[in-house]
Structure formats: structure tokens, C-alpha cells
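The block underneath contains the structure these notes are about, expressed in C-alpha cells.
Every number here is computed from the coordinates shown, using simple stated rules; none is lab data. Note that the coordinates shown come from a computational prediction; the quantities given were computed from them, not determined experimentally. Here the Cβ positions follow ideal geometry from the backbone for every residue, glycine too, while neighbour counts run over all protein chains shown.
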Amino acid sequence: MPKSLIAALALAALGLTAAGCQAETVMAEKPPKPLPPGVIAPLEPKDGRLVPAVRVCAAESLQHLVGQPASVLEGMKLRGSVRVLRPGMMVTQEYRLDRLTIEVDANEIIIRVACG
């Protein structure tokens, strides 16, 4: 087989291989709508309506607790997963967006309210 034919076939094969590696660009018709506050995942259908697939905790609405004595928590009805961390406590390290974490210092003063 002539060298020129081998070279032509090699170039053709190389071109086909390179063409298969090109990324296809797909443009969305509209940009996605922003998610409602507190929602970190798309909405999913449930009972004929759309509900958040994942919710974050209510830490934003409880920032007024920072600086108050931990005893104020006793009269509150907090729903969902809640943990109160005190100095020296052993805690798990997994991060859960739906869990409210309240940190208390050695003087029993709330120093942090966050999700996790």
C-alpha cells in the first residue's frame, strides 16, 4: 500500500476521532427560575402541588436568640431536627441542612444559631 494512501487514511481516522470528541453546546430556552427562600433543591410534585425537595432549617429566623440565656429554649417549641451544643460535648460531624444547631457557651449563653 502506498505511503500517501496510508497517510491519507491516518489523517481521515484522526479527523473522525477528533470530531467525536467535540462537545455539543445546548442552549436553554430560558434561564432557570431562582428557588424560593429556604429551598436548595428543585420542587417536586406531591399531592397535586409542588413542594421543596429539600428544606434548610429556620436558623435565619432565630438569630435573635444569639446573646440570650439558653434557658429561653425551654419555653420554645422547635420543630424538626434540633441539637443544642455545649462546650466539651461530643457531636457527629455530618452536615444536615434540615437540622437546627444551637451552640451555647460555658456561661449558658447562646453564641450561634445555624443549620447543620
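Of the residues making up the stretch 71-115, those that are under 14 Å from Ala59 (Cα atoms), in a loop (DSSP other than H, G, I, E, B) and touching a residue at least 24 places away in the same chain (Cβ under 8 Å) number 2. Does Glu108 fit the bill of being charged (D, E, K, R) and on the phi > 0 side of the Ramachandran plot? Taking the combined requirement at face value, the residue satisfies it.
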